[in-house]
């Protein structure tokens, strides 16, 4: 058995049975091993940003890591932006990065690069497999590291001789340590704060945003008068009819400050204290009042749902029953954010997975879909645009039988447009809604936000027209059927068409 | 004057008047400064790999650095693969990477990343601008570093407050130090070796591959009986009718070993000793005989052409007159590498710039175009595929009035396909020839090379069919006119059409 074979066997034994891949020469023995060993689903991406973003989306839904297969330092580099996003979502992932043979590396062949150096900033665990005998053990540790709460990226660099040399040894799975529990003293201190009646807000992320935990947190809020919000961007929120709704800390600084004004206590559950996405001249970096105290009920690596449950018991709080919310009706007339939200809310199938890279246009989509059929909402967590199409690709692999709907800004879609081809190849049930405003709309707002007054040069750099992108042509080029919607009526019709079919469909919505 | 304005003024004063940009929020003051200060050409790319690859192509032709404008660590990361290629080409470049405000960075907002850590492996010079008062001086040093022989990448990270704060100071240009000269003793020792009659070969790269220097080197070879070859991949070769032809060390290991067999001396001129692109089981890493001695006439940072000139004088060698070579005739019949090469050779306009990311199909294109009209040949230097479309985009900006012809493998084209849009927007004279074989052909060869016998899973991972990419649709989606060629006759017709027009054109050649 060679190193590559021991690696594939170990990954399978450890519960990793899906690999998103963009292989090169140094990975050929791994590819050959995939041939010989049944059980691994291989999904090809035509660019590494597709591969890493898909592995992120997969794990958010499947709740276990996928592997990626990348080629040398530059292949890893192409995937870093979506690894950054996955790191911010605390997604478990195992990167296998093929690289130069150990003895060839000192010769500094053209493709040689600082693979470890590029991997470390996004990886909680990084290792180069020294030889074929250790690859199996390395892989078991990589999976364990990936699954250690709250989830992290593990990168195993695989020199080609560690892959092709004989002497591979399959390693037994290593169970990840259980997520730590919050200590009783902390929970009691927070209970006292809540009983005090001081203005308090839970800010939550991670597993606390699943339906069960939201009901528990909602009950605590009902009992104590505290409020709750989700972080601005979260890996996954379970929401929709019958589930406790939760708003997110707004992205625009002024709105965030307003939402958090008057608070005396912020209680973090798997979240970080709210800070601005960027600094702006004359505006604060922290979004909460200076005299507000930040408490930690559960760190991201702790078990937030368990801490909430203990807190609810301490307070004698019942689970909240979700208030009913209107489902929304399909809209007619002008294409506005509100109209799109209402139509989406009306037509979203039960169990849909919404992948949200809607950026500017989409800020209104979240609040108005709270009454839709139960669904999951997956957001861009690290701010590195180009995650939407890949994440939906992986989410569809990780949640078979559920419709994935991608709310996708056009500028951001271009970064990883190659994902459409993988959706076509794998016949994934993904509806991509391109919100085609033909500009970097967010940057026009940001330019105003920093006090700059744009002229011709600046406007040209934020404009995606001249020439206009034709998304139906692009989709056709990659084998995805598509149609354009110039009216709300047509949008609703196309959304229904997409719901009924299997496989991918793209709607170019002229916003 | 704010920091951003001092930066733009300093870049212009230092001779940098072109910026390839994919800006984000943290760069808005820089964008605003570009508005207010005339003289900088701004070229927008819809993905950072386009931006960095274009800056590479620009500098290879313009012989001075362009700036790039990138957004935070992940924006830089998206550009790293083509920065890796540019580093291997020893291309001068100045990256401006906007980032979090100095005081906002400790808050670890979502887009915060290890920007410096990602920059260092590809940059000869890296600095974070501490404040607005130093930005001008930082920029002057960055340009100096970029232009220091043989050319390198300088990365200036620009926190947004260093950009927007007042107190900017324009810095005077800093001239780069002249390239070092080889010492006389070295040149004389090499002259003695050449006089000995032992089998010797020059291996050349960098400036030694310009027409003048090739004539000098050719004369030395004629006088001494030595041979000469170019590195496998080179930033730029001047070639075609009337110029001394030079072959390249072959990419396939067995062919390379054969080409260098029997040598007693290798003499490097701006090149590195030939090693395999990858290791293969049972094959050597170095391509030259064990008893062959490697001499250095000129390191990459030294003046190779000057060293060759002194060596020629020492030996009493005349400049070589290029042997005549057939121009080639437009081919008919089956679409083969040879037929494409002949047609290309026949129809290539004088002064064409050939950008070669043709990978497998294209290995035969170089030898058979030596008799074409004088042209430049720009290659993928670092092996990180996805450089062709961006490099041709930048080369067209850097060499106005010359036709750029991109020989582009289809799999590689997908990595940075967004470059087509920039070609359309800027109306660049680029003819893209997509060599559509619908597979990662090189990997099928590599899989055989490592001794693996592919099954269904492996073949699927190397196959770009299912669904087939439709390059004419993709081009249309990005505003580039295109047509498909299924015959050699049609290919010739389309190549002539493209030659006659201005602006970009794409030919999908079904190979």
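Is there a residue being within 25 Å of residue A:416 (Cα to Cα) and touching a helix residue (DSSP H, G or I) at 6+ places or on another chain (Cβ under 9 Å) anywhere in region A:31-40? Scanning region A:31-40, I find at least one residue that is within 25 Å of residue A:416 (Cα to Cα) and touching a helix residue (DSSP H, G or I) at 6+ places or on another chain (Cβ under 9 Å), so the answer is yes. Scan region B:270-290 and give yes if some residue there is under 25 Å from residue B:223 (Cα atoms), away from chain A (no Cβ under 14 Å) and either at pLDDT below 95 or outside any loop (DSSP other than H, G, I, E, B) (or both), otherwise no. No, region B:270-290 contains no residue that is under 25 Å from residue B:223 (Cα atoms), away from chain A (no Cβ under 14 Å) and either at pLDDT below 95 or outside any loop (DSSP other than H, G, I, E, B) (or both). Kindly indicate whether any position in region A:5-14 is touching a strand residue (DSSP E or B) at 6+ places or on another chain (Cβ under 6 Å), assigned to a loop (DSSP other than H, G, I, E, B), more than 9 Å from chain B (Cβ to nearest Cβ) and crowded, with 24+ Cβ neighbours inside 10 Å. Scanning region A:5-14 turns up no residue that is touching a strand residue (DSSP E or B) at 6+ places or on another chain (Cβ under 6 Å), assigned to a loop (DSSP other than H, G, I, E, B), more than 9 Å from chain B (Cβ to nearest Cβ) and crowded, with 24+ Cβ neighbours inside 10 Å.
The set of residues in region B:105-133 being crowded, with 19+ Cβ neighbours inside 10 Å and part of a loop (DSSP other than H, G, I, E, B) consists of B:109, B:110, B:111, B:112, B:113, B:123, B:129, B:132.
Please determine, by comparing only the residues of region A:307-343 that are in contact with a strand residue (DSSP E or B) (Cβ under 8 Å, 6 or more places away or on another chain) and not in a loop (DSSP other than H, G, I, E, B), which one is surrounded by the most Cβ atoms within 10 Å (Cβ to Cβ).
Step one: filter region A:307-343 for residues in contact with a strand residue (DSSP E or B) (Cβ under 8 Å, 6 or more places away or on another chain), giving A:307-308, A:311, A:335, A:340.
Next, from what is left, pick out any that are not in a loop (DSSP other than H, G, I, E, B): A:307-308, A:311, A:340.
Values: A:307: 26, A:308: 30, A:311: 27, A:340: 28.
The residue in question is A:308.
Pairing residues of region A:314-332 that are more than 22 Å from residue A:374 (Cα to Cα) with residues that are in a loop (DSSP other than H, G, I, E, B), at Cβ distances under 9 Å and at least 6 apart in sequence or on separate chains, gives A:332/A:487. Can you pull out every residue in region B:270-282 that is over 24 Å from the mean Cα position of the chain (by Cα) and either without any contact (Cβ under 8 Å) to a residue 12 or more places away in the chain or surrounded by fewer than 19 Cβ atoms within 10 Å (Cβ to Cβ) (or both)? Within region B:270-282, B:281, B:282 meet the criteria.
Look through A:267, A:246 and report the one residue that is over 19 Å from the mean Cα position of the chain (by Cα), touching a residue at least 12 places away in the same chain (Cβ under 8 Å) and not assigned by TED's automatic domain parsing to the domain that holds residue A:362. Of A:267, A:246, the one residue that is over 19 Å from the mean Cα position of the chain (by Cα), touching a residue at least 12 places away in the same chain (Cβ under 8 Å) and not assigned by TED's automatic domain parsing to the domain that holds residue A:362 is A:267. Examine region B:52-66 for a residue that is more than 18 Å from residue B:173 (Cβ to Cβ), at pLDDT 95 or above, surrounded by 24 or more Cβ atoms within 10 Å (Cβ to Cβ) and within 13 Å of chain A (Cβ to nearest Cβ), and state whether such a residue exists. Yes, region B:52-66 contains at least one residue that is more than 18 Å from residue B:173 (Cβ to Cβ), at pLDDT 95 or above, surrounded by 24 or more Cβ atoms within 10 Å (Cβ to Cβ) and within 13 Å of chain A (Cβ to nearest Cβ). Figure legend. Inter-residue proximity from region B:461-481: first residues not assigned by TED's automatic domain parsing to the domain that holds residue B:440, second residues part of a helix (DSSP H, G or I), beta-carbon distance below 6 Å, spacing 6+ or different chains. No pairs are indicated. Within region B:469-492, being out of contact with any strand residue (DSSP E or B) (no Cβ under 6 Å at 6 or more places or on another chain), more than 7 Å from chain A (Cβ to nearest Cβ) and in a loop (DSSP other than H, G, I, E, B) holds for one residue alone: B:487.
Taking the residues in region A:137-163 that are more than 30 Å from the chain's Cα centre (by Cα) and crowded, with 24+ Cβ neighbours inside 10 Å as candidates, determine which candidate is farthest from the other protein chains (Cβ to nearest Cβ). It would help to see each step written out before you state the result.
Taking region A:137-163 and keeping what is more than 30 Å from the chain's Cα centre (by Cα), we get A:160-163.
Among the residues that remain, those that are also crowded, with 24+ Cβ neighbours inside 10 Å are: A:160, A:162-163.
Working: A:160: 6, A:162: 12, A:163: 9 Å.
Here the answer is A:162.
When you scan region A:455-466, how many residues do you find that are outside any helix (DSSP H, G or I) and either more than 7 Å from chain B (Cβ to nearest Cβ) or buried (at least 17 other Cβ atoms within 10 Å of the Cβ) (or both)? Working first, answer last.
So the first thing to find is which residues in region A:455-466 are outside any helix (DSSP H, G or I), and the list is A:455, A:462-466.
Narrowing the set further to residues that are either more than 7 Å from chain B (Cβ to nearest Cβ) or buried (at least 17 other Cβ atoms within 10 Å of the Cβ) (or both) leaves A:462-465.
Of the residues in region A:455-466, 4 are outside any helix (DSSP H, G or I) and either more than 7 Å from chain B (Cβ to nearest Cβ) or buried (at least 17 other Cβ atoms within 10 Å of the Cβ) (or both).
Here residue B:408 passes the criteria (1) surrounded by 24 or more Cβ atoms within 10 Å (Cβ to Cβ); (2) within 11 Å of chain A (Cβ to nearest Cβ) except the one numbered (2). Within region A:26-42, being in contact (Cβ under 8 Å) with a residue 40 or more places away in the chain and surrounded by fewer than 24 Cβ atoms within 10 Å (Cβ to Cβ) holds for one residue alone: A:41.
When we screen A:267, A:257, A:293 for residues that are more than 14 Å from every other protein chain (Cβ to nearest Cβ), buried (at least 21 other Cβ atoms within 10 Å of the Cβ) and at pLDDT 95 or above, the only hit is A:267. Among the residues of region B:440-454, those that are in contact (Cβ under 8 Å) with a residue 60 or more places away in the chain and surrounded by 19 or more Cβ atoms within 10 Å (Cβ to Cβ) comprise B:441, B:442, B:446, B:449, B:450.
Residue by residue through region B:54-76, note down the ones that are part of a helix (DSSP H, G or I) and out of contact with any strand residue (DSSP E or B) (no Cβ under 9 Å at 6 or more places or on another chain). Of everything in region B:54-76, just one residue is part of a helix (DSSP H, G or I) and out of contact with any strand residue (DSSP E or B) (no Cβ under 9 Å at 6 or more places or on another chain), namely B:74. Might you check whether a residue that is within 20 Å of the chain's Cα centre (by Cα), within 8 Å of chain B (Cβ to nearest Cβ) and either surrounded by fewer than 24 Cβ atoms within 10 Å (Cβ to Cβ) or part of a loop (DSSP other than H, G, I, E, B) (or both) occurs anywhere in region A:416-425? Yes. Do we have any residue at all in region B:67-85 that's away from every other protein chain (no Cβ under 12 Å) and either within 22 Å of residue B:209 (Cα to Cα) or buried (at least 23 other Cβ atoms within 10 Å of the Cβ) (or both)? Yes, that holds for at least one residue.
So that you can scan it fast, the table gives a plain yes or no per residue for (1) at pLDDT 95 or above; (2) touching a helix residue (DSSP H, G or I) at 6+ places or on another chain (Cβ under 7 Å); (3) outside the structural domain of residue B:77 (by TED's automatic domain parsing); (4) not in a loop (DSSP other than H, G, I, E, B):
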residue	(1), (2), (3), (4)
B:382	yes, yes, yes, no
B:385	yes, yes, yes, no
B:402	yes, no, yes, no
B:412	yes, yes, yes, yes
B:428	yes, yes, yes, no
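The values are calculated or read from the model by the stated rules, or taken from the named source; none is laboratory data. Given the structure is predicted, the values throughout are model-derived calculations rather than measurements. No Cβ is skipped: glycine too gets one built from the backbone with ideal geometry, and neighbour counts run over all protein chains shown.
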